[in-house]
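Below is one structure. I have some questions about it.
Where a number appears in this text, it was derived from the coordinates with a stated rule and is not lab data. All values derive from a computational prediction rather than experimental measurement. Ideal geometry is used to build each Cβ from the backbone, glycine not excepted, and the neighbour counts take in all protein chains shown.
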Protein chains: 4
Amino acid sequence: MDVDGTLTDGTIFLGAAAEGLIEIRGFSVRDGLGLSLAGAMGLEVAWITGRASPLVLKRAEELGVPHVCQRCRDKRRALSELTERLGLRREEVLYVGDDLNDLPAFEVSGVRVTVGDAPEEMKARAHWTTAAAGGKGAIREVVEAVLKAQGRWEEGIATFVARLLRDPDPPLQ
Amino acid sequence: MDVDGTLTDGTIFLGAAAEGLIEIRGFSVRDGLGLSLAGAMGLEVAWITGRASPLVLKRAEELGVPHVCQRCRDKRRALSELTERLGLRREEVLYVGDDLNDLPAFEVSGVRVTVGDAPEEMKARAHWTTAAAGGKGAIREVVEAVLKAQGRWEEGIATFVARLLRDPDPPLQ
Amino acid sequence: MDVDGTLTDGTIFLGAAAEGLIEIRGFSVRDGLGLSLAGAMGLEVAWITGRASPLVLKRAEELGVPHVCQRCRDKRRALSELTERLGLRREEVLYVGDDLNDLPAFEVSGVRVTVGDAPEEMKARAHWTTAAAGGKGAIREVVEAVLKAQGRWEEGIATFVARLLRDPDPPLQ
Amino acid sequence: MDVDGTLTDGTIFLGAAAEGLIEIRGFSVRDGLGLSLAGAMGLEVAWITGRASPLVLKRAEELGVPHVCQRCRDKRRALSELTERLGLRREEVLYVGDDLNDLPAFEVSGVRVTVGDAPEEMKARAHWTTAAAGGKGAIREVVEAVLKAQGRWEEGIATFVARLLRDPDPPLQ
């Protein structure tokens with residue numbers, strides 16, 4: 001999946017402090033719980049973004065997201081390489097993106113998903129548009145839809161909660 | 001109560017500055033006034049969160065919140081221990097949480113409350129869902145509902161305002 | 001007027017950085033223009049807040065707001081003293097506040113105003129409730145209403161624009 | 001175009017840290033993509049703002065925006081000078097602004113545009129008001145409208161995507 005506009009509401013916060021510039025992004029704790037749960041159920045999660053910042057790595061680490069590709073302007077190549085590396089077939093790949101720079105990644109995805117506040121061009125090309133807007137739970141909705149389609153959502157909740165109680169250091173939300 | 005998604009709108013802001021990473025959370029000043037008022041009326045307020053940051057301690061200190069449990073992945077145990085330590089019965093414990101990681105705490109709470117924008121799984125298990133979303137006044141609504149149920153809301157306002165005028169350093173909002 | 005919840009949407013952002021804590025508030029540029037225009041038309045603007053931070057002074061300075069009272073828990077006293085110092089009568093004082101800690105200031109104000117998203121207790125005690133919520137243009141609405149009531153709104157726009165073009169360093173918005 | 005309230009939702013975030021004050025603004029990644037696409041199609045984009053901060057220069061640099069005028073209180077003069085310098089006629093100039101301090105720039109613009117949440121004074125003087133509010137895609141909407149009016153929107157998408165795949169370091173979104 002894409003990051004800005006998909007995992008966030010599309011706002012890039014830039015700050016000016018005495019010591020230099022600051023870059024800030026806001027992530028949803030409910031998306032976070034969905035991604036932790038996805039990881040617990042064995043889904044391979046990857047973030048692919050044209051920008052680059054240590055804050056994105058920090059968030060991925062908190063949630064146990066194993067694949068992060070930053071400064072990826074050509075998301076088609078990044079997604080193809082990852083698909084090959086993980087030994088997946090294209091129909092096993094679901095990609096979520098919110099804007100025109102995600103179109104190349106759509107070309108190599110089995111399931112194309114966009115977010116509720118995406119432009120019409122994206123909705124027209126996606127198999128499915130989430131009800132939630134980017135950064136407002138769209139990714140949580142996707143995780144839930146995938147696990148429900150696999151008949152594993154209730155099992156996912158139970159697995160996630162059991163891990164919270166058992167694991168000394170489970171992923172965050 | 002839980003913190004992220006309950007006392008906040010669920011947004012985790014992460015920033016990258018020259019000197020390292022920054023973590024930011026947004027709290028509601030109206031929730032803050034509710035918690036100050038709750039404290040003035042003798043309610044024992046506790047925050048239980050899986051994350052850990054000095055900013056949460058700072059906010060608790062501003063509002064005079066006496067119990068803060070950070071890095072609590074197992075919220076059931078944290079809440080049980082606090083209940084015992086305070087000499088309370090389970091039916092005297094009201095817990096507010098917004099997501100699946102709060103389910104274990106629900107098991108040991110007399111009154112289970114969730115927020116207006118919580119997922120269906122939470123609403124189905126809660127005794128009551130606030131009209132307001134997390135971070136948008138849900139906690140204020142809970143404080144008001146509890147004090148009104150006890151017939152002490154008007155007294156609460158009077159006590160709170162009197163303290164503002166009398167106390168040299170009252171809790172903030 | 002009050003600051004948090006009135007000039008802002010009530011969100012207190014707290015951040016944790018390597019060097020210590022950060023406090024952030026978000027102000028509306030449209031409220032800012034309203035306050036600059038109010039100053040250009042000779043209205044005396046004052047901010048009265050229970051909290052204290054240099055960022056509030058910075059914002060007041062940008063807008064040319066002449067009176068700022070921070071760490072004012074007893075807003076009634078602060079407003080009374082200011083009224084006396086400026087040689088005003090109570091009926092010349094309009095106060096805008098969003099929550100219960102503003103009630104004491106209401107007692108010494110000729111016109112009591114609250115914001116669109118204020119609790120019912122405030123709306124019941126206010127002469128007027130703005131359509132806009134706090135931080136979303138409520139103060140701009142108040143400035144416009146006052147100048148329109150005085151028949152000076154169009155003159156205000158003209159004065160404000162003329163000053164932009166003439167003054168080498170006019171207040172910001 | 002104007003910056004605050006037009007490229008942002010009008011919120012000026014001010015922060016107080018141990019080392020001094022911080023100024024933060026939030027930009028839309030969808031507006032960003034629109035501006036990158038506008039640049040790829042040969043539109044000359046300029047930002048004209050009364051405030052001044054290195055964060056605005058940083059954002060302009062990310063998007064390849066060639067003209068940035070900060071601390072411009074007299075936007076009419078700034079826009080006139082730029083028009084002349086670029087050898088444009090007034091009817092080739094489209095200006096987007098959200099508030100009264102943009103009125104002087106309207107006087108020297110061929111097409112006057114304001115944003116969906118602008119005050120009535122702006123909407124009454126604008127040729128067109130975007131559906132989106134400032135900072136919520138208003139600028140994306142303007143870029144799309146201009147290129148569609150020129151019959152170049154589809155070409156714009158194709159050009160933009162081709163550049164993403166070919167250019168080693170294309171503008172960000």
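Per-residue mean of other chain beta-carbon atoms within 10 angstrom of the beta-carbon, peptide C:27-36?
Mean shielding by partner chains, rounded to a whole number: 6.
Moving to a separate point now. Taking beta carbons within 10 Å but only from partner chains, what does the mean come to for residues D:139-145?
Partner-chain Cβ atoms within 10 Å, mean over residues of D:139-145: 1.
Over chain B, with a Gaussian network built from C-alpha contacts below 10 Å, which listed residue (B:Leu55, B:Leu14, B:Leu100) shows the highest mean-square fluctuation?
Sorting by GNM fluctuation, first place goes to B:Leu14.
Right, something else. Sum -39500 (n - 2.57) across every DSSP H segment of at least 4 residues in the protein assembly as shown, then divide by the residue count to get the 222 nm mean residue ellipticity, nearest 500.
Helices in the protein assembly as shown give a 222 nm mean residue ellipticity of -12000 deg cm²/dmol.
Then there's this: Debye sum, Cα scatterers, the protein assembly as shown, no solvent: what log₁₀ I/I(0) at q = 0.06, 0.09, 0.10 1/Å?
At q = 0.06, 0.09, 0.10 Å⁻¹ the computed log10 ratios are -0.36, -0.82, -1.01.
Sticking with this structure for a sec: I need the calculated FRET efficiency for the pair D:Leu86 and D:Gln150, taking r as the beta carbon distance and R₀ as 22 Å, to the nearest 0.05.
The calculated FRET efficiency here is 0.80.
For label points placed 7 Å from Cα toward Cβ, what is the shortest-first list of nm distances from D:Ala149 to its copies?
Going from nearest to farthest copy, the values are 4.2, 4.2, 5.9 nm.
Tally Lys and Arg at +1 and Asp and Glu at -1 over the other residues with C-beta under 14 Å from the C-beta of A:Pro168: what net charge comes out?
Residues near A:Pro168 contribute +2 overall.
In sequence order, what are the phi-derived ³J(HN,Hα) couplings for region A:33-48 according to the Karplus relation 6.51 cos²θ - 1.76 cosθ + 1.60 with θ = phi - 60°, rounded to whole Hz, with x for glycine and proline?
Values, residue by residue: 4, x, 6, 4, 5, 4, x, 4, 9, x, 6, 8, 9, 9, 10, 10 Hz.
Something else now. Hey, what do the phi angles of region B:110-122 turn into as Karplus ³J(HN,Hα) couplings, whole Hz, using 6.51/-1.76/1.60 and θ = phi - 60°, x for Gly and Pro?
3J(HN,Hα) across region B:110-122, in whole Hz: x, 10, 9, 10, 10, 9, x, 9, 6, x, 4, 4, 6.
Once you've got the GNM for chain D with C-alpha springs shorter than 10 Å, pick whichever of D:Leu86, D:Leu63, D:Leu103 has the biggest mean-square fluctuation.
So, out of D:Leu86, D:Leu63, D:Leu103, the one fluctuating most is D:Leu86.
Take the alpha-carbon positions of region C:10-92, form their convex hull, and give its projected area averaged over all directions (one quarter of the hull surface) in nm².
6.6
So, one more: Apply the Karplus curve 6.51 cos²θ - 1.76 cosθ + 1.60, θ = phi - 60°, to the phi angles in region A:64-71 and return the couplings in whole Hz, x for Gly and Pro.
In residue order, the calculated couplings are x, 7, x, 10, 10, 10, 9, 6 Hz.
How many times 2.2 N^0.38 Å is the alpha carbon radius of gyration of chain A?
Dividing the Cα Rg of chain A by 2.2 N^0.38 Å gives 1.02.
Something else about it: Treating the beta-carbon of each Lys and Arg as +1 and of each Asp and Glu as -1, no other charges, what is the dipole magnitude of region C:1-123 about its Cα centre, to the nearest 20 debye?
280
Long-range amide H contacts for D:Ile48: which residues qualify at under 5 Å (H placed 1.01 Å from N, peptide plane, sequence gap of 5 or more or a different chain)?
It is D:Asp2, D:Val3, D:Cys69, by chain and number.
Is the shape of region A:47-101 rounded, prolate or oblate, going by the alpha carbon gyration tensor and its root eigenvalues a ≥ b ≥ c, with a/c under 1.5 for rounded and a/b larger than b/c for prolate?
oblate
Taking the simple approach of a point 7 Å from Cα along Cα-to-Cβ for both D:Glu107 and D:Glu19, what is their distance in nm?
4.3
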